[in-house]
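The values are calculated or read from the model by the stated rules, or taken from the named source; none is laboratory data. Only a predicted model underlies this, so the values are computations on that prediction, with no experimental measurement involved. Cβ sites come from the backbone with ideal geometry, for glycine too, and all protein chains shown count toward neighbours. What goes into the accessible areas is simple: the full protein's heavy atoms, side chains included, and nothing from ligands, DNA or RNA. Shrake-Rupley method; radii C 1.70, N 1.55, O 1.52, S 1.80 Å.
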Amino acid sequence: MSETNEDDTFDTGSLPEVTRNNPPVVVCDNVHVRYKTLATGKKLKLGSKDVMTKKRELREVHALKGISFVAHKNESIGIIGSNGSGKSTLMRSITGLTPTSEGAIYATSRPNLLGVGAALIPDLSGARNIILGSLALGLTRDEIDAKFDDIVEFTGLEDFIDLPMRTYSSGMSQRLKFAIATSVQHEILIVDEALNVGDKKFRDRSEGRIRSIRENAGTVFLVSHSMRTIKDTCNRALWIEKGELLADGPALEVIRKYQAFTKAEKAKETEEEPG
């Protein structure tokens, strides 16, 4: 990823007060992502014997189709859309995990995708993984010691923190990852469905943590199917459908458009059902 050029101008769905007071931190310029997949639905692996099998055909998936937007400092941007619309692909492209086939993405600093999963070890306890994950985020041992109790309290896993993570449910693991990853201030943070785990109390704490990061001049991208979470947490939303950016603007406005679309789609499905 390259650094942003302040002389470049792009259309933006940001609120006027945001663009007026805060510089751009992420620019997506006509981003396309294409990849090859087997007709079975499995992605092609390098050196796979299936490549030589005549019965299986390759098809190209155009996952993102010319996505362009500008994200500014101090924004919390919800990413909404139907399953398979390209939301997670876009987030992985912003972090550099998925290369773009066309277009470019610029960022003022390296975006952080929520989840230090690669650094966490299932056979170690939650407590040991807090230390390991925090070290991976660049904290010193003194900083970790200062934050440790707060991280544990945030997760609500006090009774399980000394057990191996392999005994945790997926929801418990996500809660621990979220608590570790958000224990430091990020310039650009990407949260992909992580707020959908846990009870209402934990979700409320998580949303508060996201708002705190934004208010401290961070930029947050939040992928979620929960419109309530987007409304409560984000001041802007992007609606992506079948790889295309259909709407970009104030969160409530974009959500209304998306909900009208999904209602119309459900009505069509009902009409097409044999009676």
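For the range 139-193, the solvent-accessible area with a 1.4 angstrom probe is 49 square angstrom per residue.
Net charge dipole, the range 114-260: roughly 460 debye, given to the nearest 20, about the Cα centre with Cβ charges of +1 for Lys and Arg and -1 for Asp and Glu. Around the amide H of D192, modelled in the peptide plane, lie the amide H atoms of L114, V223, all under 5 Å away and 5 or more residues distant in sequence or on another chain. Carbon-plus-sulfur accessible fraction, the range 160-275 (probe radius 1.4 Å, protein heavy atoms only): 49%. Take the Cα of E158, step 7 Å toward its Cβ, do the same at N83, and the gap between the two points is 3.8 nm. FRET efficiency for the S226 to L246 pair, using the beta carbon distance and R₀ = 22 Å, is estimated at 0.70.
The residues of the range 55-104 present an accessible area of 44 Å² per residue when probed at 1.4 Å with all protein chains retained. Stretching F148 away from L132 to a fully extended chain increases their span by 4.6 nm, per 0.36 nm per residue minus the current alpha-carbon distance. Once you've got the Cα coordinates, tell me which of K200/K266; K65/K200; K73/K231; K73/K200; K177/K201 are over 25 Å apart. The pairs that break the limit, which is 25 Å between Cα atoms, are K200/K266; K65/K200; K73/K200. Could you calculate the FRET efficiency of K36 with A104 from 1/(1 + (r/R0)^6), where r is the beta carbon distance between them and R0 is 22 Å, rounded to 0.05? It comes out at approximately 0.50. Probe radius 1.4 Å, ligands and nucleic acids ignored: give me the carbon and sulfur share of the accessible area of the range 106-157 as a rounded percent. Carbon plus sulfur share of accessible area: 50 percent. Note on E60/K266: beta-carbon distance plugged into 1/(1 + (r/R0)^6) with R0 of 35 Å gives a FRET efficiency of 0.70.
Qualifying GluC sites (Glu not before Pro) in the range 140-221, where qualification requires a DSSP coil assignment and no more than 14 other C-beta atoms within 10 Å, comprise E158.
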